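Please read the structure below before turning to the comments.
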Amino acid sequence: MTTSFSVNFDYRCPFARNAHEHVVAAVRAGADYDVAFKAFSLSEAHTAEDGISAFEDPARRPDLLALAAGVVVRDHLPEKFLDAHLSLFAIRHDDGDDLRDEAVVRSALARAGVDAQFVFDEIESGWPLETVRAEHETSVKEHSAFGVPTFIASDQAVFVRLMTRPDGDGDLARRTIDRVLDTLTGYPEINEYKHTSVPR
């Protein structure tokens, strides 16, 4: 039976990287998931109540660049999305590059086999940034999302921090995501469950 859920992302978050690597590895290992990948802006989430929205502040437009690029690939080049998605995470968290730099985003897209110029032409048209804003605002309004990654299934939403990466193990990835989803939908009475320390 197909399991449907959505999970949000901002490429700057290491915990989002971990979770999305698990989701992608599980899908590639044959998990019967119908996944909606949704953009979420940490810049907007961290804007002061009386501050200028990240979506309206020209000085913060670079903060949204990678998100907009991911949305273009997702919506117009879906066969390339998983590769581009992982590449955008990797260029930040493995390579340590700055996602606010257009050249860095172009490099991440190119190594995933994506035509970066097409993506940036679409970004300039305006709709990708509008989509990022709409997805962010919907997840906040409908699910009180405050960060990434937030998993949403059956009208339940949960913010999850996975501490490990799948490292190519599709079975591990599937078990990990199944456990997240089972806890999310099967045990709504668990509101918070957090280890008090992280093993080293």
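The values are calculated or read from the model by the stated rules, or taken from the named source; none is laboratory data. Not measured: the values here are computed from a predicted model. Virtual Cβ from ideal backbone geometry, glycine too; neighbours counted across all protein chains shown.
Of R161, R92, R133, all but one fail to be within 19 Å of the chain's Cα centre (by Cα), not small (G, A, S) and not in a helix (DSSP H, G or I); the exception is R161.
Take the residues in region 95-129 that are among the small types (G, A, S), in contact with a helix residue (DSSP H, G or I) (Cβ under 9 Å, 6 or more places away or on another chain) and part of a loop (DSSP other than H, G, I, E, B); name whichever of them is farthest from R165 (Cα to Cα). The selected residue is G113. Among the residues of region 27-54, those that are within 15 Å of F81 (Cα to Cα) and crowded, with 17+ Cβ neighbours inside 10 Å comprise V27, V35, F37, K38, A39.
Looking across region 1-32, the residues that are hydrophobic (A, V, I, L, M, F, W, C) and assigned to a loop (DSSP other than H, G, I, E, B) come down to M1, C13, A29, A31.
Of all residues in region 86-133, those satisfying the criterion of being aromatic (F, W, Y) and either at pLDDT below 95 or surrounded by fewer than 18 Cβ atoms within 10 Å (Cβ to Cβ) (or both) are F118, W127. Scanning region 92-114 for residues that are touching a residue at least 40 places away in the same chain (Cβ under 8 Å) and farther than 12 Å from A69 by Cα yields R92, H93. Based on this model, can you work out whether D171 counts as within 24 Å of R60 (Cβ to Cβ), in a helix (DSSP H, G or I) and of a type in the set (D, E)? So D171 does not fit the description; no. Could you list, in sequence order, all residues of region 26-36 that are touching a Ser or Thr at 6+ places or on another chain (Cβ under 9 Å) and within 21 Å of D167 (Cβ to Cβ)? Passing the criteria: A26, A31, Y33, V35. Which of the residues that make up region 33-50 are polar (S, T, N, Q) and either more than 15 Å from the chain's Cα centre (by Cα) or in a loop (DSSP other than H, G, I, E, B) (or both)? Answer for region 33-50, where residues must be polar (S, T, N, Q) and either more than 15 Å from the chain's Cα centre (by Cα) or in a loop (DSSP other than H, G, I, E, B) (or both): S41, T47. Applying the condition of being crowded, with 20+ Cβ neighbours inside 10 Å and of a type in the set (S, T, Y) to region 134-165 and asking which residue is nearest to C13 (Cα to Cα) yields T150. Being small (G, A, S) and more than 17 Å from D63 (Cβ to Cβ) is the filter here; which residues of region 100-133 pass it? Correct list: S107, A110, A112, G113, A116, S125.
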